[in-house]
Amino acid sequence: MELPEIRVASNRVTFSKNVSVGSEGVKEVGEGQFVVSQDLFQEAFSNPAKIMKGAAVVPFFEKGGIAGFRLKRIRKNSVYSKLGLEQNDVLRRINGIEISGIDDIMKVMASMRDARRFSLDLTRNGQRRSFTYEVR
């Protein structure tokens with residue numbers, strides 16, 4: 001199996017057009033770089049209850065305030081696992097917007113309904129990580 005070429009121009013990642021995401025709806029095409037099927041993306045927005053059942057999402061406190069949300073009990077075939085997220089990841093930003101409350105998550109989600117690209121910034125095992133997704 002041949003992986004697609006990834007090109008970086010001006011700190012912006014571009015994906016080659018010949019990526020097939022397969023039956024899972026997501027394909028990792030590089031370190032922290034993913035292509036997500038339009039079907040999976042739309043399913044996530046059309047059924048928020050299903051997303052909520054995919055993992056326990058609990059506030060993560062730092063310096064006396066909410067500094068993100070920790071993911072626990074991620075189900076094997078959930079949207080969370082398909083997006084490359086793991087047990088105990090702390091989601092800190094979505095599309096560069098800090099997540100300090102459930103209202104922030106709801107606002108960002110509402111703004112993403114027609115997105116072609118999105119990013120997640122998180123902490124995994126004490127290390128900051130960024131994931132970028134292109135929706136096709």
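The values are calculated or read from the model by the stated rules, or taken from the named source; none is laboratory data. No experiment lies behind these values; they were computed from the predicted model shown. A quick note on method: Cβ atoms are made from the backbone with ideal geometry, for glycine too, and the neighbour counts reach across all protein chains shown.
Observations on the model:
- Subset of segment 33-68 (residues that are more than 27 Å from ASN125 (Cα to Cα), among the small types (Gly, Ala, Ser) and free of Cβ contacts under 8 Å to residues at least 60 places away in the same chain): SER46, ALA49
- Condition broken by VAL79, with the remaining ones in (1) surrounded by 15 or more Cβ atoms within 10 Å (Cβ to Cβ); (2) farther than 18 Å from GLU28 by Cα; (3) touching a helix residue (DSSP H, G or I) at 6+ places or on another chain (Cβ under 8 Å) satisfied: (2)
- Taken together, the residues in segment 69-79 that are modelled with pLDDT of 90 or more and under 15 Å from LEU120 (Cβ atoms) amount to 4.
- Annotation for segment 92-110: no member residue is more than 14 Å from the chain's Cα centre (by Cα) and either within 25 Å of LYS27 (Cβ to Cβ) or modelled with pLDDT of 95 or more (or both).
- Considering only residues in segment 20-55 that are of a type in the set (Asp, Glu) and over 13 Å from the mean Cα position of the chain (by Cα), the one that is modelled with the highest pLDDT turns out to be GLU31.
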